[in-house]
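Let me begin by presenting the structure, written as structure tokens, before commenting on it.
All of the numbers you see were taken from the coordinates with simple rules; none came from a lab. This structure is a prediction, so every number in the text was calculated from the model and none was measured. FYI the Cβ positions are ideal-geometry reconstructions off the backbone, even for glycines, and counts take in every protein chain you see.
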Amino acid sequence: MKASGVTAAWQPLFSRIADGVQSEDDEQQLLDLLGHSPEARREFREFMALHSALQWDYAALSPHAMPPAAPDRRAARPRWLVAAFASGVLVAAGTAAILFTNFISAIQPRRIPADRTVAVQPLATVTNTRFLLADDAAMTLAIGQPVAAGRIALLGGAVELTLSNGVVIVLEGPGELELRDELAAYLHAGSAVVRMPEGMSGFRLDTATTDVLDLGTEFAVKAAPGFFTDVQVFDGAVVASSKSAGDNARFPTRLEAGQAARFSPQEANAPQPLPYAENRFVRRLPPDSGIPVHINPALGREVELRVYGRPRIDTIVVSRVREPVTIDGRLDDWRLAPGFAASRDGTDSCPEWVDGRMMYDDGHLYIAAHVGDPAPMQSSIDPAVDPDLGWRGGSVQVRVSTDRQTGWPVSGNSAGYYRQRGIVPTDEQKAAADNAKLAHLTMWYHAASQTPCLTIARGMLVGDLEVNPSAGQPGGFRGAFTRDADGKGYTLEYAIPWRLLNCESDPPRAGDMLAAVWQVYWSDEVGRLQRQHMVEIRNSLEPREINVWERGATWGRAEYP
């Protein structure tokens with residue numbers, strides 16, 4: 001009878017190998033076959049796993065009926081080959097994976113000169129993290145970091161590891177995983193999901209009480225308190241077996257896609273079926289999670305505050321205009337706009353603060369801010385000469401997304417983001433960075449000409465700037481500033497047409513959740529040198545040690561009621 005999934009021409013050969021009655025020609029034929037055919041390697045793994053399961057069943061029913069080992073007819077052959085074939089039977093499903101590994105090693109020999117030091121290659125690489133908290137403070141587990149065989153323990157969050165053979169493991173904290181080799185790991189505690197590359201199988205993920213062998217799949221294992229082990233299969237199939245006292249394997253159980261079971265440490269208990277739950281395990285981490293850049297701790301917290309700010313608010317309501325807005329640098333028209341209020345250091349006594357608000361109608365985005373500033377409206381940055389430096393002399397920057405298809409959070413990173421972290425962006429990431437519906441708005445007052453200024457940069461690549469687009473003309477922007485009577489602050493008010501934000505045909509509307517982030521800059525007395533800076537309306541799920549101008553996902557929520 002043909003074994004399920006095994007090509008008919010290969011079955012007799014695989015059967016002779018499994019039964020230990022192969023000839024020398026059989027051995028050479030298998031080595032050639034496995035060396036040249038990925039499909040044969042996959043089917044051989046599955047056949048040996050199935051053969052092992054049948055041997056377990058047979059041994060349990062008649063423990064003295066096992067066939068004797070074939071006599072050793074090849075004493076001069078390599079010792080691994082004799083040991084693998086002379087056993088006669090495979091006593092565990094994992095033996096199939098071990099045997100296959102031996103074959104691959106045999107057909108790809110490497111000679112290493114005795115006088116040459118061999119560098120040990122990492123077993124895996126950290127390819128993603130999410131809210132990571134490692135148990136060992138010295139183990140940073142940064143993205144791109146190589147990982148050797150050994151234990152990885154998490155107190156919280158999750159880490160994605162990609163082994164050198166392409167196997168992906170997502171470990172969810174709290175948990176502890178021991179990497180053993182390319183085809184084996186041991187889950188001491190917590191939950192892990194294993195995802196195999198297409199066409200590959202034979203990975204073992206064991207716990208204290210259960211062995212799980214994959215047959216080309218994506219599956220999850222939870223090592224629960226009380227030595228219970230939960231197994232769930234998302235795709236493909238696995239063979240799982242409980243361990244009895246003395247670490248002896250018991251009857252195996254085959255689980256297929258959409259099935260889950262709990263394995264008990266009690267020898268008499270059969271696996272208990274569990275309801276399949278698609279979201280019970282963390283299968284994939286966000287494909288483009290933020291990578292922080294850490295400042296030298298010796299520089300102190302004040303430096304970190306000046307670079308990244310200390311944002312506390314993650315959402316701003318962009319109110320629908322209820323009455324005509326007059327752009328005059330006053331907030332008389334903004335009484336019903338909720339906005340936000342914050343200070344640079346979070347204290348009420350701080351002289352640098354902002355009350356920021358946003359509104360919209362069918363034709364415009366409106367922005368207003370009352371800013372506490374000891375040296376207000378002193379910017380010496382000339383928009384005709386240095387428009388790219390408009391932020392430096394005291395300003396308000398608001399970054400907005402008008403992309404209704406993307407919603408929130410918005411994707412897209414600057415070229416510098418990738419370059420600083422040593423990452424080569426994919427084509428999809430490059431396309432996201434070039435989204436023309438992401439706008440960087442810089443608003444400031446040029447003291448020498450007494451002019452409200454605006455620059456607009458689009459996308460995360462921040463190429464050409466539009467400087468004071470159509471100012472004073474129909475369809476252009478309008479802006480106004482007023483200085484506080486006590487000389488310790490100012491108010492700005494802007495109306496920016498949707499046309500300038502590349503969404504005139506599909507502007508934001510009621511019910512939208514888009515993205516926005518605010519930055520406020522304070523300058524010296526002559527309005528030339530940046531002195532302080534703050535960030536608000538920021539995505540709290542993103543690492544704080546990322547500049548908002550280099551990563552769109554750091555922008556907070558903009559709710560359009």
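Rounded, prolate or oblate: which fits the range 353-400 when a ≥ b ≥ c are the square roots of the eigenvalues of the alpha-carbon gyration tensor, with rounded for a/c under 1.5 and prolate only if a/b beats b/c? Taking the square roots of the gyration eigenvalues as a ≥ b ≥ c, the range 353-400 is oblate. If R0 is taken as 51 Å, the Cβ-Cβ distance between Asp464 and Ala270 corresponds to a FRET efficiency of 0.15.
Grab the beta carbon distance between Asp136 and Gln28, set R0 = 60 Å, and tell me the FRET efficiency rounded to 0.05.
0.80
Ellipsoid fit via the Cα gyration tensor, the range 124-274: semi-axes of 25, 17, 13 Å, each the root of five times an eigenvalue, largest first.
Please give the length that would be gained between Arg284 and Arg528 if that part of the chain were fully extended, namely 0.36 nm times their separation in residues minus their C-alpha to C-alpha distance (nm, one decimal). Show your work: numbers first, answer last.
On the way: separation 244, 0.36 × 244 = 87.84 nm, distance 4.69 nm.
Between Arg284 and Arg528, full extension yields an extra 83.1 nm.
Under the shape rule built on the C-alpha gyration tensor, where the axes satisfy a ≥ b ≥ c, the range 319-559 is rounded, since a/c falls short of 1.5. For the peptides 166-177, 142-153, the ranking by packing is 166-177, 142-153, with the highest mean count of neighbouring Cβ atoms within 10 Å listed first. Stretched out straight at 0.36 nm per residue, the stretch from Ala208 to Arg306 would grow longer than its current Cα-Cα span by 30.3 nm. The distance between label points at Glu39 and Glu198 comes to 1.5 nm (points 7 Å beyond Cα on the Cα→Cβ vector).
The alpha-carbon of Lys437 sits under 12 angstrom from the alpha-carbons of these aspartates and glutamates, leaving out residues fewer than 8 places away in its chain: Asp403, Glu504, Asp506.
Look at where the Cα atoms of the range 367-383 and of the range 495-561 average out, and the two centres are 17 Å apart. Packing-based ranking of 414-423, 209-218 yields 209-218, 414-423, ordered from highest to lowest mean Cβ neighbour count within 10 Å. Using the Cβ-Cβ distance between Ser349 and Arg254 with R0 = 60 Å, the FRET efficiency computed as 1/(1 + (r/R0)^6) comes to roughly 0.30.
Overall, the anisotropy analysis places the range 337-448 in the prolate class: the square-rooted eigenvalues a ≥ b ≥ c of its C-alpha gyration tensor yield a/c not less than 1.5, with a/b exceeding b/c. By the equivalent-ellipsoid construction on the alpha carbon gyration tensor, the range 142-216 comes out with semi-axes of 18, 15, 11 Å, ordered largest to smallest.
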